[in-house]
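So the structure is just underneath, and the comments pick up after that.
The values are calculated or read from the model by the stated rules, or taken from the named source; none is laboratory data. These numbers come from a predicted model, not from an experiment. Every residue, glycine as well, gets a Cβ built from its backbone with ideal geometry; the counts of neighbours run over all protein chains shown. Quick note on the areas: whole protein, heavy atoms, side chains included, nothing else; ligands and nucleic acids left out. Shrake-Rupley method; radii C 1.70, N 1.55, O 1.52, S 1.80 Å.
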Amino acid sequence: MFRNQYDTDVTTWSPAGRLFQVEYAMEAVKQGSAAVGLRSKTHAVLGAVNKAASDLASHQRKLFRADQHVGVAIAGLTADGRVLSRFLRNECINHSFVYESPLPVSRLVVQLADKAQVCTQRSWKRPFGVGLLVAGLDETGAHLYYNCPSGNYFEYQAFAIGSRSQAAKTFLERRFQEYDTYSREDLIKDALFAIKETLQGEKLTAQLCTVAIVGEGEAFHIIDQQTIQEYIDAMELSTGGPDEEADAAAPPSAEAQEGGEGASSEPAPMDI
Amino acid sequence: MALRGDWMYENNGGTCVAIAGIDYCVVAADTRLSVGYNILTRDHSKICSLADKVVLASSGFQGDIRALHKNLAARHLLYQHQHNKQMSCPAMGQLLSNTLYYKRFFPYYAFNVLGGLDNEGKGCVFTYDAVGSYERVGYSTQGSGSSLIMPVLDNQLKSPSPLLLPARDAVTPLSETEAVDLVKDVFASATERDIYTGDKLEIVVINASGIKREYLELRKD
């Protein structure tokens with residue numbers, strides 16, 4: 001994409017019918033570190049790569065819980081993502097308060113999309129520079145949605161966003177047909193493998209990624225590093241890609257070996 | 001009362017008690033819901049579990065009580081999202097006070113007793129009036145049977161004056177079982193003379209291992 005005379009305001013159309021500022025916002029998503037999502041009929045998994053600005057810094061949070069039954073993974077401008085997560089949490093709380101029931105995921109993504117659309121039609125605003133993978137469970141089963149800065153949203157069986165996400169998408173395209181019947185453990189393994197694809201050669205460790213899951217009988221929560229490392233180790237034992245065998249790979253919940261590990265995965269209170 | 005068109009409240013009766021111990025807190029309330037001389041249900045809980053270590057018991061107008069509990073539960077969820085931890089009992093105590101005073105000019109008709117463990121794991125009881133004036137105490141009771149129960153608790157739990165120096169602990173030295181037995185006794189007594197108290201007693205005990213619930217049948221007349 002090159003600079004042109006129609007890309008200054010978000011309220012200016014190009015002769016070809018494009019809104020360049022919105023498209024530039026989508027570029028911002030592509031620059032962010034990768035996030036992946038996949039779902040079966042009963043569970044949805046989100047994964048993200050933990051990229052820190054430098055060795056001195058801690059990585060930014062990319063996975064946020066919106067409610068017991070919904071969570072999001074973001075890619076792009078993390079600050080925009082944080083603000084939108086707060087919006088999602090508020091919407092979920094408000095709905096629960098009024099209707100005493102969890103907000104259906106499809107309604108949540110529409111509200112989010114409408115909020116994004118507003119920013120594409122006001123001259124004093126700019127589009128949000130963050131893409132969100134919304135994973136949740138409601139009465140109709142598990143769902144995965146992708147919300148664009150443009151205000152569009154799509155439902156997916158599996159998707160990846162952010163830098164080098166094409167590698168993950170290629171992997172997911174090969175395997176998504178069976179995801180509906182996948183077990184919870186296999187979904188997590190595939191999520192980890194998809195994340196590994198985006199790392200392109202770098203060794204996958206539990207420190208480098210964050211994985212969260214939501215499903216039937218399971219509230220949205222981030223899986224602890226210990227368990228993730230066990231999944232990764234089991235994956236490496238089985239040759240090449242992840243296989244369906246290793247249900248011995250389904251690790252038992254174990255105590256953290258180092259207390260420091262647990263402490264470092266806790267976000268600072270300022271990071272909501 | 002029934003003739004005025006603008007009276008917005010109703011007293012659904014009931015009594016709540018809370019007692020703070022060294023490492024536990026007992027919160028109890030009866031389960032009768034009444035209007036006037038009628039009983040609407042014998043099986044209605046006045047107790048709301050707000051957080052890991054915080055339990056709220058309220059008596060008064062159930063419409064307002066339900067709304068107040070919902071409000072606090074939603075605020076607690078928001079707090080958890082922002083701070084990544086549960087609210088402590090003193091924090092919830094202040095929040096409840098502010099929530100009640102917010103409606104100073106159209107109050108929640110709710111008489112509250114908040115119980116739980118404080119940050120050091122000691123029993124913690126806060127007692128409120130309808131507009132949010134609150135105080136940390138060793139024990140308290142609110143509701144229709146409170147005037148029958150409070151003198152008995154004063155006699156049995158003998159809380160030292162908060163004016164004494166050095167500051168004395170207001171929590172009772174009784175054990176958990178002794179405190180629960182005392183609660184059962186006072187409710188049995190209140191049930192005898194207060195028409196709005198009876199049917200069943202719900203007792204909630206909070207200690208380091210979590211929240212435990214127990215029920216006791218009371219007189220149904």
Using amide H atoms built 1.01 Å from N in the peptide plane, name the residues 5+ places from A:HIS221, or on other chains, whose amide H lies under 5 Å from its own.
-> A:ILE213
Low-density loop positions, trypsin sites (Lys or Arg not before Pro), region B:11-94 - DSSP coil, at most 16 other Cβ in 10 Å | B:ARG42, B:LYS85
Rounded to whole angstrom, the alpha-carbon centroid of region B:75-153 lies from that of region A:69-110 at a distance of 30 Å
Along region B:48-55, what does the Karplus equation 6.51 cos²θ - 1.76 cosθ + 1.60 (θ = phi - 60°) give for ³J(HN,Hα), rounded to whole Hz, x for Gly and Pro?
-> 10, 8, 7, 8, 3, 10, 9, 10
Determine Rg/Rh for the protein assembly as shown; Rg is computed over alpha-carbon atoms and Rh is the Kirkwood hydrodynamic estimate from the same atoms.
-> 1.07
Amide H contacts under 5 Å for A:CYS209, restricted to residues at least 5 apart in sequence or on another chain and with H modeled in the peptide plane, are A:ASN50
Using the Karplus equation 6.51 cos²θ - 1.76 cosθ + 1.60 (θ = phi - 60°), what ³J(HN,Hα) coupling, rounded to whole Hz, does each residue of region A:69-81 give in order, writing x for Gly and Pro?
-> 10, 9, x, 10, 10, 10, 9, x, 6, 4, 5, 4, x
For chain B, list log₁₀ I(q)/I(0) at each q in 0.11, 0.14, 0.18 Å⁻¹, using the Debye formula over Cα point scatterers of equal strength and ignoring solvent, two decimals each.
-> -0.50, -0.82, -1.33
Semi-axes of region A:71-227 from the Cα gyration tensor (sqrt of 5 times each eigenvalue, largest first, whole Å) come to 26, 20, 15
Please tell me the relative contact order of chain B in percent, rounded to the nearest whole number, where contacts are Cα pairs under 8 Å and at least six residues apart.
-> 27 percent
For B:LEU218, distant residues with modelled amide H under 5 Å away | B:ASP199, B:LYS200, B:LEU201
Compute the accessible area of each residue in region A:74-114 twice, once for its chain alone and once with every protein chain present, using a 1.4 Å probe on heavy atoms, and list those whose area falls by at least 50 Å².
-> A:ILE93, A:PHE97
Dipole magnitude of region B:125-188 about its Cα centre (Cβ charges: Lys, Arg +1; Asp, Glu -1), debye to nearest 20 | 140 debye
Name the longest site-free stretch of chain A, where the excluded sites are GluC sites (Glu not before Pro) in a DSSP loop with no more than 10 other beta-carbon atoms within 10 Å.
-> A:1-99
Given C-alpha coordinates of chain A, what is the ratio Rg to Rh with the Kirkwood estimate of Rh?
-> 0.98
Under the rule of -39500 (n - 2.57) per DSSP H run of 4 or more residues, summed and divided by the residues of chain A, what mean residue ellipticity at 222 nm is obtained, to the nearest 500 deg cm²/dmol?
-> -11000 deg cm²/dmol
Candidates A:ILE161, A:ILE228, A:ILE213: whichever shows maximal mean-square fluctuation once chain A is modelled as a Gaussian network with Cα springs under 10 Å | A:ILE228
Pairs beyond 27 Å (Cα-Cα), from B:LYS184/B:LYS212; A:LYS115/A:LYS189; B:LYS46/B:LYS103; B:LYS85/B:LYS200 | A:LYS115/A:LYS189; B:LYS85/B:LYS200
Mean Cα-pair separation over length for chain A, i.e. relative contact order, pairs under 8 Å, 6 or more apart, % = 23 percent
With θ set to phi - 60° and the Karplus curve 6.51 cos²θ - 1.76 cosθ + 1.60, what are the ³J(HN,Hα) couplings of region A:45-54 in order, to the nearest whole Hz, using x for Gly and Pro?
-> 10, 10, x, 9, 8, 8, 9, 9, 4, 8
Which value, in debye to the nearest 20, gives the size of the charge dipole of region B:50-202 about its Cα centre, when Lys and Arg are +1 and Asp and Glu are -1 at the Cβ?
-> 600 debye
So which GluC sites (Glu not before Pro) in region B:112-221 end up in coil per DSSP with only 14 or fewer other C-beta atoms within 10 Å?
-> B:GLU120
Sort out the exposed loop chymotrypsin sites (Phe, Trp or Tyr not before Pro) in chain A (DSSP loop, at most 15 other Cβ within 10 Å) and tell me the longest stretch that has none.
-> A:125-272
Kindly compute the accessible surface that chains B and A hide from a 1.4 Å probe when together, both sides summed, and give it to the nearest 100 Å².
-> 1000 Å²
Size-normalised alpha-carbon gyration radius of region A:1-137, reference 2.2 N^0.38 Å = 1.17
